[in-house]
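What follows is a short report on a single structure.
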Amino acid sequence: MKKLKILFLIFVLMCLSVVTAQAMTLSYDDELHEYDGSIYALIVNNELLEPPLAPIIFNDHALVPVREIFEELGAEVSYDSNSQAIEIEKNDDNIRMYINNNVAYVNGNMTHIPDGVVPKLISELGGETKTMVPVRFISESIGLNVEFDSEHEAILVESDEFEFDDGWSYTYNSHANALVTDVSCKKEANNRLNITMTASKTVGDIDKFLMENPNRIVVDIYNAVYYGLDDFININMQGIDAIRLGDNGERARIVIEYSDLSNFTVEKKSDNVVSIIIETNQESYPSTVTPDASKLIVLDAGHGGTDSGAVGYLNGNQVLEKNLTLEITYKVKERLEERGYSVLMTRTGDTLPSLTERPEMANAANAAVFVSIHINSVDNVPTANGTEVFYSEENNGYAYGVNSKTLADNILTRMLYYMNSTNRGVKMANHAVTRRSNMPASLVEIGFITNDTELYNMTSDEYQYKAAQGIAEGIMITLENVNVP
């Protein structure tokens, strides 16, 4: 029993002697890291400094922000972002070192930084990126004195007169913002959506309010910022159009654009999870469709490879039809696969299948429908605009239970619903890819690359998703009545 008491006393003393640990989310080496190590005060020339980022301990060595520390000591500090070289000059001494490299040059002589404690570019969540360097290696290389005072939890550089009073304590004033790592949307019922925000740690207070023109729900979550998330999430379900994300360094904002809203609630499910429940008066469309994965959909992104298709110009930059069609086709595929459908693309990159190979691919795979996606153009008529869908007279029978005109009608109707573009109608034209298809087939012209407004729209993810949602829903509606022979 006496031995146990002694061991317990030793354990308590060890715990009391450990420097205070504070949690921070740090970004370095292109990754996020949760840091809960020691936080020391930094005293330079007998002055307590408050750097933007506190010293970080790696392998029992401190990394400190180079400019704030060594310029305080009268040194000249420079950083070359191209070579990632850090140079420190004081009097006749010169040190050159590199980010993530343990090789350093002291007065022109190559040496190695011990213990693998190399310079790094580090930022705390929501803060600026700082160049962090090993304080002892640099200080001793240029003749400066460094001491670690464990009793007072401090690093002292060229400091021998700083007085620690009896009430001394130091706490790094970290902004401690939580990192929003995920924002997702899940359908809970035909008129109910759950938007969930997940953060790396505890978030602060929450504000919520409505705004108009356009209609939107705004949710502000304090002590939280975004990291690595897209600022736009397309929804186009049940009267909810899209989600926009943004932050100002102090709070994360979620903006939900809607066309139909019955009610919404915001609830903190846990310290780091916020749930936004939205109820609308509109069921997801088409709510009655049951996906049949056995019915294959073939999507054809027009042009590709050496065939650029039509060419437009936006802010002096060339925009090629082949790139726009591929981007939109991928989004149609995404929407269909989210609903459980099987999709095959005639091209998945910058290749050029022939006008014969594209429909042959669909025929060989015994596809249920074939849809080719294009961008329109017309010379010397910059005002020409709108959306149109074509089908072929030679491929408009009922062998599959539905003809090609019905497919074209369904696609155009749903595209116009989302895009609000000019209706140029469903038209008949014997395009090679549609007339050679065995199954119902259509060719979509989303808009005009020669119209400045439509070109601007078609280069945005938001508008592309609107077009993709319309095409996908038109296909889904048609597939209900398709019977593959």
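The values are calculated or read from the model by the stated rules, or taken from the named source; none is laboratory data. Just so you know, these numbers come straight off a predicted model, no measurement behind them. Here the Cβ positions follow ideal geometry from the backbone for every residue, glycine too, while neighbour counts run over all protein chains shown. Please note that ligands, DNA and RNA were not included when accessible areas were found on the heavy atoms of the full protein model with its side chains. Shrake-Rupley method; radii C 1.70, N 1.55, O 1.52, S 1.80 Å.
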Neighbour count of at most 11 Cβ within 10 Å plus DSSP loop: longest GluC sites (Glu not before Pro)-free window in the chain = 213-485
Net charge near V319 (other residues with Cβ under 14 Å of its Cβ; Lys, Arg +1; Asp, Glu -1) is -3
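With a cut-off of 8 Å between alpha carbons and a minimum separation of six or more residues, what is the relative contact order of the range 361-481 in percent?
Relative contact order comes out at 40 percent.
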Provide K295, K186 ordered by accessible surface of protein heavy atoms (probe 1.4 Å), highest first.
-> K186, K295
Viscosity 0.890 mPa s, temperature 25 °C, Stokes-Einstein D of the range 158-255 from Kirkwood C-alpha radius, µm²/s | 153 µm²/s
List the equivalent ellipsoid semi-axes of the range 82-240 in whole Å, largest first, each obtained as the square root of 5λ for an eigenvalue λ of the Cα gyration tensor.
-> 49, 23, 13
Share of the range 97-250's accessible area from carbon and sulfur, percent, 1.4 Å?
-> 40 percent
Separation of alpha-carbon centers, the range 141-195 and the range 414-485, rounded to whole Å = 53 Å
For S38, distant residues with modelled amide H under 5 Å away | I57
Looking at the range 384-485, which chymotrypsin sites (Phe, Trp or Tyr not before Pro) are in a loop (DSSP not H, G, I, E or B) and have at most 12 other Cβ atoms within 10 Å?
-> Y398
Over the alpha-carbon set of the range 53-141, work out the extent along each principal axis and list the three values in angstrom, largest first.
-> 37, 26, 25
At the level of C-alpha centres, the distance separating the range 45-63 and the range 324-352, in angstrom, is 51 Å
Using the heavy atoms of the protein chains alone and a 1.4 angstrom probe, what is the accessible area of the chain per residue in square angstrom?
-> 48 Å²
Candidate cut points under chymotrypsin sites (Phe, Trp or Tyr not before Pro) in the range 72-136, DSSP loop plus at most 10 other Cβ atoms within 10 Å of their own Cβ, are none
Computed [θ] at 222 nm, helices only, for the chain once each DSSP H run of length n ≥ 4 contributes -39500 (n - 2.57) = -6500 deg cm²/dmol
With a sphere of radius 13 Å drawn around the Cβ of S123, what net charge do the other residues whose Cβ falls strictly inside it have (Lys, Arg +1; Asp, Glu -1)?
-> -3
Quick one: pull the percent of accessible area on the range 327-485 belonging to carbon and sulfur, 1.4 Å probe, ligands and nucleic acids left out.
-> 45 percent
Computed over the chain, the relative contact order (Cα-Cα under 8 Å, seq sep at least six) in percent reads 10 percent
Report, in degrees rounded to the nearest 10, the 0 to 90 angle that the Cα long axis of helix 2-17 makes with the longest principal axis of the chain.
-> 70 degrees
